[in-house]
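The values are calculated or read from the model by the stated rules, or taken from the named source; none is laboratory data. Keep in mind the model is a prediction, meaning the values are calculated, not measured. Cβ coordinates were reconstructed from backbone atoms using ideal geometry, including for glycine residues, and neighbour counts include every protein chain displayed.
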Amino acid sequence: MRYTETPLRGAWLIELDPIADERGHFARTFDREAWEARGMDPAVVQCSASFSEREGTLRGVHLQAQPHGEPKLMRVSRGAIFDVLVDLREGSPTHRDWFGIELSVDNGRMLFAPRGFAHGFQTLTDRSEVIYQIGAPYVPAAATGVRWDDPELGIEWPPPPSGGRTISPRDLAWPLLKP
């Protein structure tokens, strides 16, 4: 695996090094020692999957309020997404900065977010599925988020498809950040 720290301190892009032959390929997708060496939290206490039927589905931008922050590893198992992380850690040198990148079945990339990061994505294809490895239990009362179009963040989402974006009422109702 190849690890590249993103512009957001503590968030990592992970690219697989597949070993290929006539059958296809094999690649390691998790290595506890490599994570620990980079200061990444290697705990996995939950795994989840998100399936979106249509291109242009936007989910997020979500996080768990502290002290229930969730380190997460995201990987696409079907389709493609534009994945976004927002650093909401108070005192971080990259506080309120965002990073976005395409994750797809074809490119095999994964994205790791430490505790205190918000996460969201927009599907780039129909029938996209995202798999999450999560390092803390989900606490419904700690679930929160920020608006996907918050001008304070200025996230540059891909243009919506001709049919427009699909966003849940809950995600449309998240508050804007205050300066």
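Would you check if there is a residue in the stretch 6-21 being among the basic types (Lys, Arg) and either modelled with pLDDT of 95 or more or surrounded by 14 or more Cβ atoms within 10 Å (Cβ to Cβ) (or both)? Within the stretch 6-21, one or more residues are among the basic types (Lys, Arg) and either modelled with pLDDT of 95 or more or surrounded by 14 or more Cβ atoms within 10 Å (Cβ to Cβ) (or both). Looking only at residues that are aliphatic (A, V, I, L, M) and assigned to a loop (DSSP other than H, G, I, E, B) in the stretch 153-179, which one is modelled with the lowest pLDDT? Filtering the stretch 153-179 for residues that are aliphatic (A, V, I, L, M) and assigned to a loop (DSSP other than H, G, I, E, B), the one modelled with the lowest pLDDT comes out as Leu177.
Among the numbered conditions (1) modelled with pLDDT of 95 or more; (2) surrounded by fewer than 16 Cβ atoms within 10 Å (Cβ to Cβ), the only one that Asp150 does not meet is (2). All of Trp157, Trp98, Trp148 fail the test of being touching a residue at least 60 places away in the same chain (Cβ under 8 Å), closer than 15 Å to Ala11 by Cβ and not hydroxyl-bearing (Ser, Thr, Tyr), apart from Trp98. If you go through the stretch 127-177 and keep only what is of a type in the set (S, T, N, Q) and closer than 20 Å to Pro67 by Cα, you end up with Gln133, Thr144. Restricting attention to the stretch 166-176, the residues that are over 14 Å from Asp126 (Cβ atoms) and either in contact with a strand residue (DSSP E or B) (Cβ under 7 Å, 6 or more places away or on another chain) or not hydrophobic (A, V, I, L, M, F, W, C) (or both) total 7.
Can you go through Ala113, Ala141 and tell me which one is at pLDDT 95 or above and surrounded by fewer than 21 Cβ atoms within 10 Å (Cβ to Cβ)? Talk me through it step by step, then tell me what you get.
Numbers: Ala113 fails: surrounded by fewer than 21 Cβ atoms within 10 Å (Cβ to Cβ).
Answer to the selection: Ala141.
Scan the stretch 15-33 for residues that are assigned to a strand (DSSP E or B) and small (Gly, Ala, Ser) and the total you get is 2. If you go through the stretch 53-83 and keep only what is more than 21 Å from Tyr138 (Cα to Cα) and under 10 Å from the mean Cα position of the chain (by Cα), you end up with Ile81, Phe82. For the stretch 114-133, the set of residues classified as of a type outside the set (Ser, Thr, Tyr) and assigned to a strand (DSSP E or B) consists of Phe117, Ala118, His119, Gly120, Phe121, Gln122, Glu129, Val130, Ile131, Gln133, listed by residue number.
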